Every structure is written in structure tokens, then in C-alpha cells.
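One structure is given below, represented as C-alpha cells, and several questions about it will come after.
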Amino acid sequence: MTGIKPPAWITIGLLMVAAMVLILHLSTTGQEFSRYNIGWTGTSDFFSTLDRHTTKDIVRPSDLGGYTGATLLLIAPDHAVTREEGTFYRDFIARGNTLLLADDFGSGNSLLQSMGSSIVIRQENLSSVDRAFDDASMVVVHPVRETGFFPAGSSLVLDQAASLSGGEPLLNTSVFSWVDSTPDGELGAGEVLGICTVMAQEKIGSGTLYVLSDPSIFINGMSDPGAPYANRLFRDTLADTPGPLLVDAYSSRTSHADTIGEIIQLVRSTPAYRFMIAALLMAALVFAWQRRFI
């Protein structure tokens, strides 16, 4: 140990710090909807398009206070929202902000109920003859009024979407669609063809609540299903929304990582932690040098 010269140890220390930074940068996870998942079911592609200088994570509902003209994205929630927490969301919208909830079978209904919204996410899959890729659950949907998210006449393709009740419809399926209660992708006994709503809006105070019954439009595998679908345009419009863009990291599955990954991502997203770890490594080297351990 004593044969190694001090400059060599300093070099080793710097390499250790560089390796730590590289590990933090490349770390990933396999959890569905996670922004750290680079696979088919992750949302890393969408989050890579967000401007880190104008996008902010909301780690608790009380952090929503004080915003005006902002847009909050809540994708695939899995945390039941209490009535008290719902008040923060409702007040946020009422001040002239926008909240887009994208959920099908998660805890989205608890948020809607806590805010007193009339919109309900029905807990059954949709199937349609108007489909993509010869898969009945890959439902093609069309705007019924101007949304601002994509041009009139365009369409989206959703994967295993639910249907909505309440609010003002913005996106509907074609009349050749049904609630697939079986589910087997076939029109069975008791299942009736008809138009179903998959996106609706509701005015709350000076702001607007939007509900989309399929969070999978944000996953990597659905980012660009090809022409003539406007999935990519829909996502790019949200990423480039005017005003502050907020991402709910309190109840959304997009903030999830594996156990070790959660620690890594916490360090990765907090400059103070990265600086502290680097400082501790260098301090340990200096201490060992002064004590003649090296």
C-alpha cells in the first residue's frame, strides 16, 4: 500500500467518483411505467423529451400551492388519494391550472372522487372493430371536438383502454366498439356495440381537468405506432405545453424504481447528495493519506 505514490491515489479517487457518476447515469429498472425503464413498458422516451429546466416533480400534493397557468401530469397513479389531498388538487385546478390524469385500472378514481369530479373510470377493457395491428384491444379513437392536443381529423391508438362516464367527451371510439367484459377480444353475449368515451374534460373554477383512460400512450412501445396515428404529436404537445410543466411524483408509477434503484435515482436527482458522496470519498482519501494508511 505504501509503495503507491499520492498522485496515484488521487487518480484512483477521481476514477471512483467518475465510476459512481456513470453508474448513477446508466442505472435503470424494469418496472412498468417507470421513467427509468428503457424497455417496452417504460416511459423513459417521453421523459427524455421534457425540458429539465422547466419541468418540476411534485413530491406531495401540498407542493401545488402558488402555481397559476401550469400543467400537471399524473400518469398511472397507484396511491389512493385522501379527501384532504384531493383538496390540494382541486384548488390547483381552480386557480387556472390544468391537470391531465391518465389512468385505467389504477387509483385514478380515488383522485376524481376526492376532488368531487363527475368523471368516473370504468374498470373494464374496451375492444373495437376499429383497431390497429389486428388486435381488438388496440382501439383507435377520434376527437369529437377541438382538444388542442392534436389537429382535428387525426386519431390515436390506445392499448387496453377503459371507458369513461361523466364530463365533456373529447375522444371517442367508433360505433363498432364494446366493453369487453370477458375479456377475449370477441363480441360475446350481453356485449353491445356502441360509442365509448376515452377522454373527457371538466371545468373546475378557472382551470380544466382532463382524464384519459389509457396511461399506456406514454410508454415507449406506444410512442410512435406509425401513420396515421397522432400518439407522438399528442405527447410532444404535452411536453411543450406553455407555462410550467409539473409531473406528479407522489402517486404516479412513473417515479418508481427497484429498491436499490430508488436510492440510486434519489442520489441521481439530487445534486446535493452527489456532491456529498464525492466529498466523502475525497475526504476519506485525504484522511488515509494523512494517517499514512496509503
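So which residues in segment 193-218 are part of a loop (DSSP other than H, G, I, E, B), in contact with a Ser or Thr (Cβ under 7 Å, 6 or more places away or on another chain) and surrounded by 24 or more Cβ atoms within 10 Å (Cβ to Cβ), if there are any at all?
Matches in segment 193-218: CYS196, SER213.
A follow-up question, please. Looking at segment 140-158, can you tell me whether even one residue there is in contact with a His (Cβ under 6 Å, 6 or more places away or on another chain), surrounded by fewer than 22 Cβ atoms within 10 Å (Cβ to Cβ), of a type outside the set (Lys, Arg) and under 28 Å from ASP236 (Cβ atoms)? Walk me through it before giving the result.
The initial filter retains those residues of segment 140-158 that are in contact with a His (Cβ under 6 Å, 6 or more places away or on another chain), namely 155.
This time we only want the ones that are surrounded by fewer than 22 Cβ atoms within 10 Å (Cβ to Cβ), so: 155.
Now restrict to residues that are of a type outside the set (Lys, Arg): 155.
Checking which are under 28 Å from ASP236 (Cβ atoms) leaves us with 155.
For segment 140-158, residues in contact with a His (Cβ under 6 Å, 6 or more places away or on another chain), surrounded by fewer than 22 Cβ atoms within 10 Å (Cβ to Cβ), of a type outside the set (Lys, Arg) and under 28 Å from ASP236 (Cβ atoms): present.
Right, here's the next one. How do the pairs read when you match residues in segment 37-62 that are in contact (Cβ under 8 Å) with a residue 60 or more places away in the chain and surrounded by 15 or more Cβ atoms within 10 Å (Cβ to Cβ) with residues anywhere that are among the β-branched types (Val, Ile, Thr) and assigned to a helix (DSSP H, G or I), using Cβ under 6 Å and keeping only pairs 6 or more apart or on different chains?
As it stands, the answer is THR43/THR254, since those pairs meet every condition given.
Here's another thing I want to ask about it. Looking only at residues that are under 20 Å from TRP40 (Cβ atoms) and among the hydroxyl-bearing types (Ser, Thr, Tyr) in segment 216-242, which one is modelled with the lowest pLDDT?
SER223
Do you know which of the residues in segment 109-119 that are without any contact (Cβ under 8 Å) to a residue 60 or more places away in the chain and within 20 Å of the chain's Cα centre (by Cα) is farthest from ALA200 (Cα to Cα)?
If we filter segment 109-119 for residues that are without any contact (Cβ under 8 Å) to a residue 60 or more places away in the chain, which is where we start, we get 109-110, 113-114, 116.
Those left that are additionally within 20 Å of the chain's Cα centre (by Cα): 109-110.
On the way: ASN109: 14, SER110: 17 Å.
For segment 109-119, the residue satisfying everything is SER110.
LEU100 passes all but one of (1) closer than 24 Å to PRO228 by Cβ; (2) crowded, with 23+ Cβ neighbours inside 10 Å; which number fails?
Among (1) closer than 24 Å to PRO228 by Cβ; (2) crowded, with 23+ Cβ neighbours inside 10 Å, the lone unmet condition for LEU100 is (2).
Within segment 149-186, which residues are more than 28 Å from MET115 (Cβ to Cβ) and touching a residue at least 60 places away in the same chain (Cβ under 8 Å)?
If the condition is that a residue be more than 28 Å from MET115 (Cβ to Cβ) and touching a residue at least 60 places away in the same chain (Cβ under 8 Å), then PRO151, SER154, SER155, VAL157 are the ones that fit.
The values are calculated or read from the model by the stated rules, or taken from the named source; none is laboratory data. What you see is a predicted model; the values in this text were computed from it and never measured. Positions of Cβ are generated from backbone atoms using ideal geometry, with glycine treated the same way; all protein chains shown enter the neighbour counts.
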